[in-house]
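Working notes, structure below.
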Amino acid sequence: MSIKIRNEIIKTDFLIVGGGSAGMQAAIAAGEKGIDVVIAEKADTRRSGSGANGNDHFACYIPECHGDDFELVIRQIDMTMDGGPFQDPTMLRLWVSRSFEVVQKWEAIGINMRPTGKWNFEGHSVPGNQRYHLKYDGTNQKMALTKEAKAKGVKIMNKMVVNELLLDQGRVVGAIGIDISDTQPEVVIFQAKAVLLATGGASRLYPGITPQYMFNDCGCPANTGAGHAMALRAGVKLANLDMAAGHAGPRYFARGGKGTWIGLTSDINGTCITPYQDKPSRENGDIASDIWPGSYRDRMQCGQGPTYMNCTQTTDEDLDYMLHTAMVSEGIDSITDQLAQRNIDLRKEMIEFGSYNIGIGSQGVDIDTHAMSNVPGIFAAGSVGNVKGSLAGAVVIGMVAGESAADYVKTVDEVSVENHPLIAEKIAFYSEILERESGAHWKEAGATLQNIMNDYAGANVRSESLFAAGLAYLATLKEESLKHLYATNSHEFMRVLETLDLMEVGEALMIMARNRKETRGMHKRVDYTYTNLLLNGKFQTIQRVGDEVKLEFRSPF
Amino acid sequence: MPPIINKKKCVSCGYCAQICPVDVIKMEHKEAVVKYPDECWHCRACEKDCPKNAITMRYPLSHLMLNMKPLGGK
């Protein structure tokens with residue numbers, strides 16, 4: 001198969017790569033400011049990204065509920081899963097301070113932020129503290145955001161993969177896209193003054209809970225680090241890849257939303273194993289899995305497992321609410337559906353939970369308070385290196401990126417990308433893959449990548465010799481993949497590009513982990529078993545400059 | 001093979017193929033086909049958005065949730 005090439009260049013002020021929640025909010029903000037905006041989304045913005053089917057916890061600060069002591073609010077949010085290390089204090093304050101603004105915007109476009117009629121906060125909070133996670137109904141959020149973006153004049157191009165950024169004199173001037181709507185892929189060139197990378201995290205980098213089924217993932221399995229990889233190739237700094245950690249949820253059926261469960265983390269006898277609560281609480285949820293998501297793995301490894309989500313003491317009313325309201329709002333009602341199809345009664349039966357493998361979430365492009373990277377015109381939101389906040393962090397930073405981009409594009413001239421040398425180079429590369437009549441399927445390369453990441457940069461043991469070998473094996477895998485990967489249609493071609501992007505993210509992660517000569521969190525170095533206090537609060541960044549890789553530990557801001 | 005499309009109810013509108021977040025469903029000869037079943041995320045977007053309620057989700061045995069009665073009594 002050959003690749004088609006669209007003659008017309010798409011010209012815009014602001015190209016948004018990825019129409020998830022962050023990308024949509026950026027588009028709306030930029031559209032409101034009157035600049036020309038195009039979203040390139042590889043699926044369909046109505047059902048794409050981590051919030052494809054909903055969400056029900058929006059971390060936010062509402063002064064009428066939480067009082068005027070902003071520093072108290074910051075301290076308490078910093079104790080939840082949306083705070084903690086590896087988030088710049090200024091960025092935490094930024095998204096928290098503007099979180100209510102987005103909540104009001106969402107309510108105005110028809111997303112039900114108050115299903116009970118009042119501001120209702122549940123889950124993810126430390127008992128004794130105020131609660132900050134707004135319990136809302138996100139079932140229609142992507143549809144509503146799509147409609148609003150269109151109303152602001154945003155052009156949405158669905159089934160559009162973006163694979164490369166085009167730079168000129170050190171700033172971004174466009175991108176190379178691939179339309180996958182037809183069986184035969186088509187190259188589409190974008191000319192843009194600013195680009196937002198909002199492609200989410202990087203799922204599928206490590207083996208999942210069922211390695212044979214790579215899409216059994218608690219995050220959106222379409223999010224494969226495309227933005228991270230493009231950023232690396234463009235000389236953008238990324239932060240904290242080495243500190244990526246894992247989520248938790250039902251074992252063998254990887255779902256996010258553990259905070260939606262109303263139950264107790266229990267042993268096989270049904271006895272609660274954590275000190276945080278002694279009866280199931282709709283208000284506090286299961287904070288144990290937020291505080292110690294690795295508990296399920298740890299307890300299994302030391303012989304104390306298995307560990308269960310135990311809802312047998314939850315009231316009928318709360319169970320009904322959890323299964324038929326909360327899980328629906330959160331978009332994880334495939335759990336409800338599977339339980340119903342199998343006639344599992346949570347009043348009698350517990351569900352085993354597991355710790356999921358390492359996934360890239362709050363690690364990625366290192367941004368400033370305008371959501372811009374070190375490369376002029378390249379913005380990032382959603383899964384970035386120095387902001388947490390889950391959905392709230394993603395959409396507030398998305399909004400900031402949209403506003404900042406609208407100001408930025410007025411300060412730079414349009415640069416023609418028609419003869420950009422990278423275009424011919426990439427088309428030749430795409431053609432090589434597509435014109436092969438036989439070769440390696442993307443899953444072969446994907447499986448080996450996952451094995452290498454797990455065995456040489458995994459969650460259990462890390463060391464210099466493992467990294468040295470792992471990086472050598474990754475280089476071999478990449479070389480062999482470039483020689484042999486092939487695709488018979490645009491779907492497979494997309495998966496090939498995803499797999500190659502993941503290899504670059506994995507390589508950067510391993511280089512950074514090798515350079516972190518200490519033990520911290522899930523980064524367990526057997527050759528450096530202590531935690532280096534001098535690195536407390538420091539953020540490690542990686543940047544490619546030509547053929548060199550620059551690593552740095554920077555101070556927080 | 002998740003998801004399951006009921007051919008009697010399906011009107012081949014193509015909406016499921018359009019909105020699937022992981023590009024699992026394709027239109028082939030004007031028919032919605034679950035082309036890449038092992039890439040399904042089981043998110044139920046197709047099931048929820050199908051205008052004819054023609055889609056149901058089947059959860060493969062590889063995705064089995066593990067259930068257990070507490071050994072301690074209750």
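Where a number appears in this text, it was derived from the coordinates with a stated rule and is not lab data. The shown structure was predicted, so the numbers you read here are calculated from the model rather than taken from an experiment. Here the Cβ is made from the backbone with ideal geometry for all residues, glycine too, and neighbour counts use every protein chain on show.
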For residue A:97 paired with residue A:109, estimate the spin-label separation in nm (one decimal), with each label point 7 Å from Cα along the Cα-to-Cβ line.
2.4 nm
Over the Cα atoms of the stretch A:72-226, what Rg and Dmax result, in angstrom?
19.7, 57
For residue A:168 and residue A:116 in one chain, what is 0.36 nm times their gap in residues minus the Cα-Cα distance, to one decimal in nm?
13.5 nm
In whole Hz, what ³J(HN,Hα) sequence does the stretch A:62-74 give by Karplus (6.51, -1.76, 1.60; θ = phi - 60°), x for Gly and Pro?
10, x, 5, 9, 9, x, 9, 7, 4, 5, 5, 4, 4
For the stretch A:167-173, just list the computed ³J(HN,Hα) in residue order, Karplus coefficients 6.51, -1.76 and 1.60, θ = phi - 60°, integers in Hz, with x standing in for Gly and Pro.
10, 9, 6, x, 10, 7, 10
Amide H contacts under 5 Å for residue A:485, placed H, 5+ residues apart:
A:440
With eigenvalues of the C-alpha gyration tensor scaled by 5 and rooted, the stretch A:251-357, Å
20, 15, 13
Label-reachable residues, the stretch A:488-515, where backbone N falls under 15 Å from a point 7 Å from residue A:535's Cα toward its Cβ
A:509-515
Angstrom value of the Kirkwood radius, inverse mean 1/r, which spans all Cα pairs in chain B:
13.4 Å
Using only the Cα atoms, work out Rg/Rh for the protein assembly as shown, with Rh taken as the Kirkwood radius, to two decimals.
0.94
If you plug each phi of the stretch B:49-56 into the Karplus form 6.51 cos²θ - 1.76 cosθ + 1.60 with θ = phi - 60°, what whole-Hz ³J(HN,Hα) values come out, in order, with x for Gly and Pro?
8, 4, x, 10, 6, 9, 10, 10
Under a crude label model (7 Å from the Cα following the beta-carbon direction), how far is residue A:151 from residue A:407 in nanometres?
2.7 nm
Could you give the angle, 0 to 90 degrees to the nearest 10, between helix A:21-32's Cα long axis and the longest principal axis of the Cα atoms of chain A?
60 degrees
Please enumerate, by chain and number, the lysines with C-alpha under 18 Å from the C-alpha of residue A:538, excluding those fewer than 8 residues away in the same chain.
A:237, A:388, A:517, A:524, A:550
Final fewest-first order of A:395, A:461 on the 10 Å Cβ neighbour count is A:461, A:395
Relative contact order %, chain A, counting alpha carbon pairs below 8 Å whose residues are six or more apart
21 percent
Check the straight Cα-Cα distances from residue B:35 and name the lysines below 21 Å, setting aside those fewer than 8 residues away within the same chain.
A:42, A:159, A:443, B:7, B:8, B:9, B:26, B:48, B:52
Fewest-first ordering of A:70, A:100 by Cβ atoms within 10 Å yields A:70, A:100
Longest principal axis of chain A (C-alpha) makes with the long axis of helix A:464-484 (C-alpha) an angle, in degrees to the nearest 10, of 50 degrees
Angle check, please: helix A:99-108 long axis (alpha carbons) against the longest principal axis of chain A (alpha carbons), in degrees 0 to 90, nearest 10.
80 degrees
Taking every residue in A:349-361, how many Cβ atoms of other protein chains lie within 10 Å of its Cβ, on average?
2
With 10 angstrom as the radius, rank A:260, A:519 by how many other C-beta atoms surround their C-beta, starting from the fewest.
A:519, A:260
Do you know the relative contact order of the stretch B:4-60, to the nearest whole percent, from alpha carbon pairs under 8 angstrom that are 6+ apart?
41 percent
Among trypsin sites (Lys or Arg not before Pro) in the stretch A:85-157, those in a DSSP loop whose Cβ has at most 15 other Cβ atoms within 10 Å are A:118
Kirkwood-based Rg to Rh ratio, the stretch A:1-112, C-alpha trace:
1.07
Take residue A:9 and residue A:348, extend 7 Å from each Cα along the Cα→Cβ direction, and tell me the distance between the two endpoints in nm.
6.8 nm
Roughly speaking, what is the stretch gain from residue A:469 to residue A:484, that is 0.36 nm per residue apart minus the C-alpha to C-alpha distance, in nm to one decimal?
3.2 nm
